Every structure is written in C-alpha cells, then in structure tokens.
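Nothing in this text is a laboratory measurement; each read-out follows from the coordinates by a stated rule. Keep in mind the model is a prediction, meaning the values are calculated, not measured. A quick note on method: Cβ atoms are made from the backbone with ideal geometry, for glycine too, and the neighbour counts reach across all protein chains shown.
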Amino acid sequence: MNYEIYYIPANFTDAGRLFGIFEIRNAIEAVILGVPTLFLCAYFLPFTLTAKIIVTLVVFVPVAGFALIGISDDSLSRYVKAWWVWRKQKRILTYRGEVDYRGFERAYFRWKRQRAG
C-alpha cells in the first residue's frame, strides 16, 4: 500500500485571526475598551505629560491585553453573556431528606383524578 504523507503547515489555523494570535472579535473589543480608557486617562489626569503617559499605560495595557486574550477561549462579551444567562437561570438544589415515593404517587394520582373529574 502506498500512503501519502501530508504536512500541515504551522499557520494552518491562522484564518480569522489578527497576527495569527488574536481573534478579530477580541481585537475589536480591545479597541472598544481601550480607546475610551486612553482618552479618559489622558484628558482627566492632572499630572505632567510623563506621569500621564505612565499612568495611562499602566491602566491601558491590562485592559486592552485582557480584552485581547479573553476568558477561557471566549471573547469578553461572549463570556459576560454566558455568565449573565447562567446567573439568571441558575437554581439552588437542596437536600430535604428521603422521598416517600408511594405517598407522592398517591397524592399525584389523587390530584390527577380531581383535575380530570
């Protein structure tokens, strides 16, 4: 039997990514979060120019970097949406002891007869 060997290039999965690393959605979210942060820091900080640049970079780099990386291979907006849905739909399970199924069945069938009759 003749087998053909195909070599998969290292950049095979780079489609839809920026610089082959960051997803485009994450880059857009980084811009959306980073640009207002830049302007707010640059405009409202009462320091000299050098101090403004340092403080702005200390705030901007983590915000934009966190948005570029995302959480658990998701963008921040996807993660926040999933968290919000989970938060709204979560239920609390409690243990209330053993259940007497026979009593439950009798009550259920009694209830069903009353509804039907």
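The table below gives the values:
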| item | result |
| --- | --- |
| Residue-averaged [θ]222 nm for the chain, counting only DSSP H segments that reach four residues, each worth -39500 (n - 2.57) | -21000 deg cm²/dmol |
| Theoretical FRET efficiency, 1/(1+(r/R0)^6), r = Cβ-Cβ of ALA10 and ASP74, R0 30 Å, to 0.05 | 0.80 |
| Approximate spin-label separation TYR108-ILE21, in nm, with each point projected 7 Å along Cα-to-Cβ | 5.7 nm |
| Amide hydrogen neighbours beyond the local backbone of LEU45, cut-off 5 Å, H modeled | none |
| Diffusion constant of the stretch 15-76 at 10 °C, which comes from Stokes-Einstein with the Kirkwood Cα-pair radius and 1.306 mPa s, µm²/s | 129 µm²/s |
| Net charge dipole size for the chain [Lys, Arg +1 and Asp, Glu -1 on Cβ; Debye, nearest 20] | 1320 debye |
| Rg(Cα)/(2.2 N^0.38 Å) for the chain, N = residue count | 2.10 |
